[in-house]
Amino acid sequence: MSAASVDRAPAVSSRSRPGGGGAGEGRAPLAPAVGLWPALCAVYRAQLSRARVARIPLLFVATFQSIGIMVLLRGVVEPGPGPEARAVVAGSSVLVVAFVALNLLAQYFGSLRASGGLDHYATLPVPPAAVVLGAAGAYASFTVPGVLVTAVTGSVLYALPLTGLWVLIGVIPLTGAALAGLGAALGLLAPRPELATLCGQLGMSAALLLGVLPPASLPLAVRWARDLLPSTYGVEAFAATFGPSPDWARVAVDLGVCAAVGALALTAAAWAYRRAAVR
Amino acid sequence: METGARQDETEGGPACAVRDLVKTYPAQRARRGTPAAPAVRACDGVSLTVRRGELFGLLGPNGAGKSTLVRQLTGLLRPDAGHIDVLGHDLVRHPERAARLLAYLGQESTALDELTVRLAVETTARLRGLPADDARRATGAVLEELGLSVLGHRPLKRLSGGQRRLACVATALVGERPLLVLDEPTTGMDPVARRAVWAAVDRRRAERGATVVLVTHNVIEAESVLDRVAVLDRGRVIACDTPGGLKALVGDDVRVELVWRDEPPLHVPEVAALGPTAQRSGRRWTLRLSPDAARAAVAAVTGGPAFAALDDFSLATPSLEDVYLALGGRTEGLVKA
């Protein structure tokens, strides 16, 4: 090999955007940037397959944890459409989302950031939001079977109607967006991966303790804390549908809160990603 | 150090021109479990020019500033001062353009570890802008090229270190980029995999005119594959030339290595005379001598009483490691394999 190769023409991609970034004057054309949607789909697909391979045991843990809590509380909570039974089933179901989307995603991004794994995505021409949304979406989707199994088991265990379970179509993605966004932001902002893990665990514990207990029996300060937790609104929306005549406007408002928190958290996570990837 | 003497000959300017680049990592305060660390100037006024189509190397031991330099070239790290021009684009002002100009192989694979080899490469191709069908085709081709087709369905973390590294090389090579920045691409690979990597890199240079910037601390590899090499030490470029040109710097000196069975026979006057100039590492002495002195030294230790104490000896022409030493670099961390 020799330096005689200097007269070779620079490679020009046939897909290059002519003039992109000011080609000409000896400038190589820039390869096209990848749009948000195709990049998001590619990351989502990869992350979902990754989660399937590596996280199935953890999904079992999440599901069994929720079912275990419902079985335990069955001893003290009467079955039927009372507020306690509704809170237990709805809280346990949303807990699966908190376990996977909040806790595991915070750990994933925390370790990725600490190990320098973000470099891989940061040197590809994709919007930061695509990486965060793709991973968050995959983790949220990954919770679907766990939530369904928990919700059906809980409904049977507590003699609640199964007819309202369709609301999970809204509850899972919107609670998932809020909690996954929060998890991603925590993982990317935490200065050390252990802190990301700790925050994720604490968030999940909060979702557990504040989600499965009916709010009426909680002290005022704890109720305020409960109102600050985005998973609460998912629990409320889901719990309302077990009743004989659900207040659909209220359900929509609760889900709207989840969506708003999700949008904010994912925006924060995308910002945190950009900050973590390029120093 | 200015290295672009022939840059005017290159069509469309250099592939990569770095001027007076400075990067200092701030001092770290002591925390529980971690002692305080002073500020480190990892890039201390680096200037170099990489010509288009060239296979250009950055050689130096760990901590010399090689990775800091390439992280700035790839837009991952903002320099404190200086200019970076890649294929005509100012990357200090527009670091986001780096991803659209170059492919980067970092030292970490954690982003891909749980994916299968095929999915890791295909996803990277998609994220480099290839449509789905093209990405699938390009993935098949690059896996075939690197001999990875049979491992396509295995997750990266289940592979051996060398195989995993090869899969990461595949992700760097998929999707056309005029500049490839590869940070120690062949670490842990067996000779077959190394050959596959260099053949694939050469093919991209020959067919597409790709330029390659390679980080290495392996002197043998640097000598055999690089067109030109910049030698880094403590954040500075201490030399930059072709491997042959650099070796000419140390003149005719040859390297004599003596391995003693036990203690060196210092009672032999010729051996005692060599002692002060030898670099000692356990039972091994390394000497840099003129050809005449080397001949005399070999004659002295292979005849007479010294021979009984000698386990092995070798005589070699200068390597890049000798250049590195002659230029005042530290040897620890340079690999000869």
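Across peptide B:193-206, what mean number of C-beta atoms from other chains lies inside 10 Å of a residue's C-beta?
Shielding by partners across B:193-206 averages 1.
Give the order of B:Ile84, B:Ile220, A:Ile67, A:Ile56 when sorted by the count of other beta carbons within 10 angstrom, beginning with the fewest.
Working: B:Ile84 23, B:Ile220 15, A:Ile67 18, A:Ile56 12.
Going from sparsest to densest Cβ surroundings: A:Ile56, B:Ile220, A:Ile67, B:Ile84.
Go ahead and set up a Gaussian network model of chain A, Cα springs under 10 Å, then flag whichever of A:Gly256, A:Gly116, A:Gly181 fluctuates most.
A:Gly116
In whole Å, how far is the Cα centre of segment B:197-226 from that of segment A:75-143?
42
If I take all pairs of Cα atoms in the protein assembly as shown, what percentage of them are more than 32 Å from each other?
57
In a GNM of chain B with a 10 Å cut-off on Cα contacts, which of B:Leu246, B:Leu310, B:Leu55 has the highest mean-square fluctuation?
B:Leu310
Å³ per residue of the Cα convex hull, for chain B?
176
Let me test this: with uniform point scatterers at the alpha carbons of segment B:193-254, what is the Debye-based log₁₀ I(q)/I(0) at q = 0.14, 0.15, 0.27, 0.30 1/Å?
Debye curve over Cα of segment B:193-254, log10 I(q)/I(0) at q = 0.14, 0.15, 0.27, 0.30 Å⁻¹: -0.49, -0.56, -1.23, -1.34.
What is the average number of partner chain Cβ atoms found within 10 Å of a Cβ in A:35-46? Walk me through the numbers before you get to the answer.
Details: counts 1, 0, 0, 6, 4, 0, 2, 11, 3, 1, 4, 12.
If you average over the peptide's residues, the count of other-chain Cβ atoms is 4.
May I have the convex hull volume per residue, in Å³, for the Cα set of segment A:34-277?
Values: hull volume 27.7 nm³, N = 244.
Spread over its residues, the Cα hull of segment A:34-277 gives 113 Å³ apiece.
Using θ = phi - 60° and the Karplus form 6.51 cos²θ - 1.76 cosθ + 1.60, what ³J(HN,Hα) does each residue of segment B:168-173 get, whole Hz, x for Gly and Pro?
Along segment B:168-173, the couplings run 5, 4, 4, 5, 6, 8 Hz.
Among B:Arg97, B:Arg31, B:Arg158, which one shows the highest mean-square fluctuation when chain B is modelled as a Gaussian network with alpha-carbon springs under 10 Å?
Highest fluctuation of the listed residues: B:Arg31.
What fraction of the DSSP beta bridges in segment B:252-317 is antiparallel, stated in percent and rounded to the nearest 5? Intermediate values should be presented prior to the final figure.
Working: 15 of 15 bridges.
Close to 100 percent.
Report ³J(HN,Hα) in whole Hz for each residue of segment A:192-200, in order, from the Karplus equation J = 6.51 cos²θ - 1.76 cosθ + 1.60 where θ = phi - 60°; Gly and Pro get x.
9, x, 5, 5, 4, 4, 4, 4, x
For peptide B:52-59, how many partner chain Cβ atoms fall within 10 Å of a residue's Cβ, on average?
Details: counts 9, 9, 7, 4, 1, 0, 0, 0.
What the average comes to for B:52-59 is 4.
Determine which aspartates and glutamates satisfy two conditions relative to B:Lys23: a Cα distance under 15 Å, and not lying fewer than 8 residues away in the same chain.
B:Lys23 reaches B:Asp44, B:Asp80, B:Asp233.
Please report the antiparallel percentage of the DSSP beta bridges confined to chain B, to the nearest 5.
Details: 38 of 57 bridges.
Here the share of antiparallel DSSP bridges comes out near 65 percent.
Non-local amide H neighbours of B:Cys240 (under 5 Å, H modeled in plane, Pro and chain starts lacking H): which ones?
Result for B:Cys240 returns B:Val231.
Each residue of segment B:289-302 in turn: what ³J(HN,Hα) in whole Hz from Karplus with 6.51, -1.76, 1.60 and θ = phi - 60°, glycine and Pro shown as x?
Values, residue by residue: 9, 5, x, 5, 5, 5, 4, 5, 5, 5, 4, 5, 8, 9 Hz.
Output the antiparallel fraction of DSSP beta bridges having both residues in the protein assembly as shown, as a percent to the nearest 5.
Here the antiparallel bridges make up roughly 65 percent for the protein assembly as shown.
Using 10 Å bins from zero, what percent of all Cα-Cα pairs in segment A:76-169 falls into each bin?
15, 36, 23, 16, 9, 2
Throughout, read-outs are computed from the coordinates displayed, never taken from laboratory work. These numbers come from a predicted model, not from an experiment. Don't worry about glycine lacking a Cβ; one is built from the backbone with ideal geometry, like all the others, and counts go over all protein chains shown.
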